[in-house]
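Notes for the one structure printed next.
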Amino acid sequence: MGIRNRALPIDTPRGIRLSGVVVEPEGIPVGQVCIAHCFACSKDFPATVRLARALAQEGIVVLRFDFMGLGEAQGRFGDSSFATYCEDLGAALDAFDTYTGFPTDLLIGHSFGGAMALALAGNRDELQGVVTIAAPAEPGHVTRLFEARARGIRETGSAEVDIGGRTIMIGREFMDSVEEQHLDDALPALGRPLLVLHSPKDSVVGIDHARRIFERARHPKSFVALHRADHLLTRPEHTAYVARLIHAWAYDLLRPHQ
């Protein structure tokens with residue numbers, strides 16, 4: 001199946017323009033999906049690109065986009081907070097729905113993007129389902145990636161940290177905002193089907209996080225173990241497997257563009 005990529009500028013209410021790419025299959029799409037990428041990654045992170053392409057091969061139109069200060073998005077990541085992440089994700093969904101003229105069916109969140117998806121989805125009536133991949137049970141878990149610099153960030157207001165070989169600026173507001181957020185209310189009130197995908201061998205976000213998410217959410221909910229995958233889905237065959245799982249699980253949730 002042929003696939004084409006189209007740039008989609010995304011304007012946020014605070015005046016920051018984000019960068020998106022709509023991955024379109026040939027013919028009439030069988031559904032519409034937005035992907036929230038992993039922490040400090042971008043829309044062009046290899047797993048995000050492969051997942052979007054694999055879903056498009058299944059006939060689904062997909063949006064992948066950059067959060068503020070990452071990839072090609074405007075703004076400084078050091079100014080990010082839980083609130084700006086939520087605003088960015090909401091703006092991306094709005095822009096995507098306007099672009100296609102159809103509502104987004106599924107919100108997929110990878111790692112920290114999964115926590116954001118769970119936090120926001122209950123407030124988006126158009127969404128038919130949510131998928132998390134290697135997601136933490138609490139947004140604040142992400143601070144463990146740079147806990148050695150936490151004191152410096154709090155004392156000086158910000159500091160550069162290395163995340164998977166990428167240097168980014170982390171601000172005190174971001175740390176405080178994610179540590180104050182919990183999914184205790186969002187998960188029981190999700191109000192739509194949830195698919196939890198997680199690897200038992202995940203060394204970044206342990207499998208116990210998947211258990212906690214699954215237990216707190218209400219039915220309908222499903223869990224699938226990604227037995228051989230790592231946290232970042234670095235192997236292409238694992239990304240392809242995840243795409244097939246998502247398509248099969250969401251078959252009766254997707255709305256064709258007709």
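The values are calculated or read from the model by the stated rules, or taken from the named source; none is laboratory data. Not measured: the values here are computed from a predicted model. FYI the Cβ positions are ideal-geometry reconstructions off the backbone, even for glycines, and counts take in every protein chain you see. Please note that ligands, DNA and RNA were not included when accessible areas were found on the heavy atoms of the full protein model with its side chains. Shrake-Rupley method; radii C 1.70, N 1.55, O 1.52, S 1.80 Å.
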*May I ask you to give the percent of accessible area on region 146-195 that is carbon plus sulfur, with a probe radius of 1.4 Å?*
44 percent
_Could you report the chain's accessible area per residue, 1.4 Å probe, as an integer in Å²?_
42 Å²
*Prolate/oblate/rounded call for region 10-69, Cα gyration tensor, a/c under 1.5 rounded*: oblate
_Net length gained if the chain between residue 144 and residue 98 were fully extended (0.36 nm per residue, minus Cα distance)_ = 12.9 nm
*Under the rule of -39500 (n - 2.57) per DSSP H run of 4 or more residues, summed and divided by the residues of the chain, what mean residue ellipticity at 222 nm is obtained, to the nearest 500 deg cm²/dmol?*
-9500 deg cm²/dmol
*C-alpha center-to-center spacing [region 183-238, region 133-177] in angstrom*: 22 Å
*What nm distance separates the two modelled labels at residue 123 and residue 235, each placed 7 Å from Cα along Cα→Cβ?*
3.9 nm
*Cα gyration tensor shape for region 1-160, rounded if a/c is under 1.5, else prolate or oblate*: prolate
_Virtual spin-label span in nm between residue 17 and residue 166, 7 Å along Cα→Cβ_ = 2.1 nm
_Of 71, 104, 220, farthest towards positive along the dipole that unit charges on Lys, Arg, Asp, Glu beta carbons give the chain_ = 220
*Of the accessible area of region 71-122, with the probe set at 1.4 angstrom, what percent is carbon plus sulfur?*
49 percent
*To the nearest 10 square angstrom, what accessible area does residue 76 show with a 1.4 Å probe?*
150 Å²
*Using a Förster distance of 25 Å, how high is the FRET efficiency between residue 79 and residue 184, based on the Cβ-Cβ distance and rounded to 0.05?*
0.35
_Please report, ordered by residue number, every helix of the chain (full DSSP H runs) that is 18 Å or longer along its axis going by C-alpha atoms and whose mean Kyte-Doolittle hydropathy reaches -0.5._
82-100, 236-249
*Based on DSSP, what percent of beta bridges with both residues in region 123-252 are antiparallel, to the nearest 5?*
40 percent
